[in-house]
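The values are calculated or read from the model by the stated rules, or taken from the named source; none is laboratory data. All values derive from a computational prediction rather than experimental measurement. Every residue, glycine among them, receives a Cβ derived from its backbone with ideal geometry; neighbour counts consider all protein chains shown.
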Amino acid sequence: MKGFRIRDEMNGVVEPPGKTWFWELEAGVIFADRCIQCGTCVAVCPSNSIGVNNDSGLPELVKMCTGCSLCWDFCPRGGLRYEALWPPSTTDSEASEVPVVIKSDSADTYWKLTGGPPGDGLGAVIGEYAVRAGVPADDVQDGGVVTAMLLALLAGGDIDGALVSRPSDNPDEPWKGIATVATTAKEIIGAAGSFYNQTMALAELDLSRYDLPPKPRLAVVGTPCEIQGIRAMQARRWPTGAHRIDAVALTIALLCTKSFDYEALMLRELRDKRGLDLDRVSKVDVIHGRMIVEYRDGSVAVDEPIKDFHGSALKGCDECADFLGRGADLSIGSVGSLAGWSSVLVRTEVGRLAFDRARGRLDVRDLDDREALVRLDNLDKRIAERTLQRKLDPDGPLFIDFAEHLDSYRGTDRAPVVRDR
C-alpha cells in the first residue's frame, strides 16, 4: 500500500517508509462495501484514533491517524491472514490427547500460536457434542447453550462479565442488536437470543464505563470474524489504547456464514416491503433454508427462502472461509444437531474447562452429524474462493448460491445462516 494516492494528496509531504494509514483501510474496505463490522480496527488502534460513526455504524477516524498500519494489518478484510491463526487440525485419535493450544504461562490470557497446517475437517477439536440447556432461559435460540454457560461461569467466579449483543434501547431500532458487556445474570439473560446484524463488538472492549475489577476476565461471544480479530491482537502484543484485549479470557464463536445489514433486512425487507409489525415479533430465525419470523401470539409472519434476503447481507461475508470459528475456545451452532440442540466444538483447554464448569446446567450427548458441519464448511470455503476470484476476474464464473446446495443439509435441521444463543 506504499505511496497510496490519498496520502500523496494530503499535503505533499514525502511518506515515511512502511506506513499504512486509516484512509487506505477506509478506501479498500469501508468505502468498498467490504467491512464486516467486527470492530477490530477500533480495538487495535493504539492512539484511540478510530471510532464508530453514529449514523452508519461503520469505523471512522475521530482524531489524527499516526500511520501505525495496525488497523490495516489486523482487519480480516485488510491485511490479516486469519487462517494463520488457526491451530493445527486434530484427528479423531488425537482428540483426547494433549490439548492443542499451548500457553506460555497458565495465568496468561494471551493466545500463543502452535503453528502447522490448519483447515482440515473440523479444525482443532478436543471434544464435540450435541448440547442443550437443562433449564433454558426465556427467548434463547435453539439449545440455549451459550446463555447457560455464561450464567454458570459468572456464578462460579470464572468470568466477571461477557461481551454479548442485546436489544437496542432505541424504539426506532426494533430487533437491532448492539454490543454490551453483561456483568450480571439478569443482563446475560436479557441478551439471550440471536440478532442477525453485526455490532462492531470489539469496539466495546473499551471497558471504562463498566463496573469491573482492575484486571477483569471476560468471555466474548461473537462471530468468527470477531474472534479472528481478537486472536490476532492476542498473538502480537501491541498496545491497544483503551481497549482491553488482555481482559479476554474465553472466546465463543457462533457458527456463521453471513450477517446482515440491519436497515436492509429488518427495516426495508421485513418492515417496509413485507409490512411486519416489528414490535410484535418474538423470534427471527433461519431454518431449512428459510427465513422464519414469528409473532408473540405464535403466528408466523414470514416464511420465505433465505435467498430472498441475500441482498441484505454484508458483502464482505462472502469472502469469509471461517464458518466454524476455528480460532475460538468453543464453537457453537445448530448445524449437526437435532432441533432444540446445539453443536458444541471444544477447541482448547480453556474451552474444556469452561464447558466442564457448565456441565451441571447442560444436557450433553454425542454430536448427531459431524459431517454436516464438514460439508457446510467446505461449501463456505468454495463460496469465499469463488467470491475472491470474481473480484479479480469480474467476467469469470458466477458465485455459488447457497440455495442451490441446501439439499445436502436437509437432514441437519439447519440452513447455512447460523447464529445460536
Query raised in the report: Among G143, G177, which is the only one that is buried (at least 18 other Cβ atoms within 10 Å of the Cβ), more than 16 Å from the chain's Cα centre (by Cα), under 18 Å from K283 (Cβ atoms) and of a type outside the set (A, V, I, L, M, F, W, C)?
Result: G143
Query - Residue in segment 340-359 that is in a loop (DSSP other than H, G, I, E, B), more than 20 Å from G222 (Cβ to Cβ) and at pLDDT below 90 present - result: yes
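Considering L154, L202, L150, L207, which residue is modelled with pLDDT of 90 or more and within 15 Å of I332 (Cβ to Cβ)?
Numbers: L154 fails: within 15 Å of I332 (Cβ to Cβ); L202 fails: within 15 Å of I332 (Cβ to Cβ); L207 fails: within 15 Å of I332 (Cβ to Cβ).
One residue alone meets the criteria, L150.
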Report summary line: Selection over segment 314-339 where residues are in contact with a helix residue (DSSP H, G or I) (Cβ under 7 Å, 6 or more places away or on another chain) and outside any helix (DSSP H, G or I) yields a count of 13
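Return the residue satisfying two criteria in turn: it lies in segment 227-277 and is among the polar types (S, T, N, Q) and closer than 28 Å to A313 by Cβ, and of such residues it is modelled with the lowest pLDDT. Explain how you work it out, then say what you get.
Pass one, segment 227-277, residues among the polar types (S, T, N, Q): 228, 234, 240, 251, 257, 259.
After this cut, where a residue has to be closer than 28 Å to A313 by Cβ as well, the list is 228, 251, 257, 259.
Details: Q228: 96, T251: 97, T257: 83, S259: 91.
That would be T257.
In segment 318-339, what residues are of a type in the set (A, V, I, L, M, F, W, C) and buried (at least 24 other Cβ atoms within 10 Å of the Cβ)?
Start the filter on segment 318-339 by keeping residues that are of a type in the set (A, V, I, L, M, F, W, C), which leaves 320-321, 323-324, 328, 330, 332, 335, 338-339.
C320, F323, L324, A328, L330, I332, V335 - these are the residues of segment 318-339 that are of a type in the set (A, V, I, L, M, F, W, C) and buried (at least 24 other Cβ atoms within 10 Å of the Cβ).
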Query - Residue list for segment 312-368, restricted to those being closer than 30 Å to A32 by Cβ and acidic (D, E) - result: D318, E319, D322
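Restricting attention to segment 268-283, does a residue exist that is of a type outside the set (F, W, Y), part of a helix (DSSP H, G or I) and under 21 Å from the mean Cα position of the chain (by Cα)?
Narrowing segment 268-283 to residues of a type outside the set (F, W, Y): 268-283.
With the extra rule that they be part of a helix (DSSP H, G or I), the set shrinks to 268-273, 278-280.
Cutting the leftovers down to under 21 Å from the mean Cα position of the chain (by Cα) gives us none.
No, the conditions are met nowhere in segment 268-283.
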Report task. Report, ordered by the first and then the second residue, all pairs with beta carbons closer than 9 Å, sequence separation of six or more or different chains, a first member in segment 227-246 that is within 12 Å of V44 (Cβ to Cβ) and not assigned by TED's automatic domain parsing to the domain that holds V42, and a second member that is assigned to a loop (DSSP other than H, G, I, E, B) and of a type in the set (V, I, T). Result -> M233/T240; Q234/T109; I245/T109
